[in-house]
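The values are calculated or read from the model by the stated rules, or taken from the named source; none is laboratory data. Keep in mind that what you see is a predicted model, and the values were worked out from it rather than measured. Every residue, glycine among them, receives a Cβ derived from its backbone with ideal geometry; neighbour counts consider all protein chains shown. Heads up: the accessible areas ignore ligands, DNA and RNA and are worked out on the full protein's heavy atoms, side chains in. Shrake-Rupley method; radii C 1.70, N 1.55, O 1.52, S 1.80 Å.
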Amino acid sequence: VSLVFNATDSAEGLTAILNTLSAWKVRATFFVNGEFIRRYPDIVQEIAAEGRTVFFSSHILHEVEQVCDRVAVLRGGRLVGVFDLAAQRRLVSRPVTVTFDTPVPQEAFADIEGVTVANTTGATIAFSVTGGIGELVKRLAAYTVIELDAHEPTLEDFFFSMYQARAQEPAPPSGAPR
């Protein structure tokens, strides 16, 4: 069963529909628009928590992140893949910026797997970290850290890393699918 809701002004009656579907053990797929999600985030979460599929199409990636646990990515009208957001975030590099009390040689971090020094300015080192930051944090403990700034990779980071990786691939032969 597929249900499409274009209920931007009211979600009146939706609870009754959900209760009826549950009573009849019907597993419905819901197609919602961004406006519905903005106005009724609790209802969308309730639908998803009950194990129902919620389809949501958007170019506003931070909205997608707030609602979805899996995303399908289209490029040039073709499906690139379906991805689990939590798993993909672990594969995308994240920026980590550390300011020390005195300059620290970047070589002190050269042998940490998944960690590269992106930039050094005075006593501040900007890292690019793929995977966990545990080994970097252990190494930082040997120094006096004044400030540490680290952010979880976003869906936008993942999306653009996919496009960058794709741009670095050799071009396919003329006429070949990409």
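Fully extending the segment from Arg39 to Gln106, taken as 0.36 nm per residue of separation minus the present Cα-Cα distance, adds 19.3 nm. The alpha carbon convex hull volume per residue for the stretch 1-133 rounds to 170 Å³. When Arg94, Arg39, Arg139, Arg70 are compared by accessible surface with a 1.4 Å probe, the order from highest to lowest is Arg70, Arg39, Arg139, Arg94. Summing charges over neighbours of Arg52, with a neighbour being any other residue whose Cβ is under 15 Å away from its Cβ, gives -1 when K and R count +1 and D and E count -1. Our summary of shape: the Cα atoms of the stretch 105-152 have principal axis extents of 26, 19, 18 Å, ordered from largest down, in whole angstrom.
Among the protein heavy atoms, those of Ile112 account for about 10 Å² of accessible surface (1.4 Å probe, every chain in place). Mean separation of Cα pairs under 8 Å and 6+ residues apart, divided by the residue count of the chain: what relative contact order is that in percent? This gives 17 percent for the chain.
Just to be sure I understand the curve: with the Debye formula and one point per C-alpha of the stretch 18-91, what is log10 I(q)/I(0) at q = 0.11, 0.26, 0.27 Å⁻¹? Computed log10 I(q)/I(0) values: -0.32, -1.29, -1.34. A cut-off under 13 angstrom between Cβ atoms defines the neighbours of Pro105, and their net charge, with Lys, Arg +1 and Asp, Glu -1, is -1. Using the rule -39500 (n - 2.57) for each DSSP H run of four or more residues, divided by the residues of the chain, the 222 nm mean residue ellipticity is -9000 deg cm²/dmol. Here the chain carries DSSP beta bridges of which approximately 75% are antiparallel, counting only pairs with both residues inside.
DSSP bridge analysis restricted to the stretch 6-98 gives an antiparallel fraction near 60%, rounded to the nearest 5.
Accessible area ranking (1.4 Å probe, heavy atoms, ligands and nucleic acids excluded), largest first, for Lys138, Lys25: Lys25, Lys138.
Take Asp111: with every protein chain present and a 1.4 Å probe, its accessible area is about 110 Å². Summed over the residues of the chain and divided among them, the accessible surface reaches 64 Å² per residue at a probe radius of 1.4 Å.
In terms of accessible area, using a 1.4 Å probe and ignoring ligands and nucleic acids, Ile146, Ile17 rank largest first as Ile146, Ile17. Between Gln66 and Trp24, full extension at 0.36 nm per residue minus the direct alpha carbon distance yields a gain of 12.2 nm.
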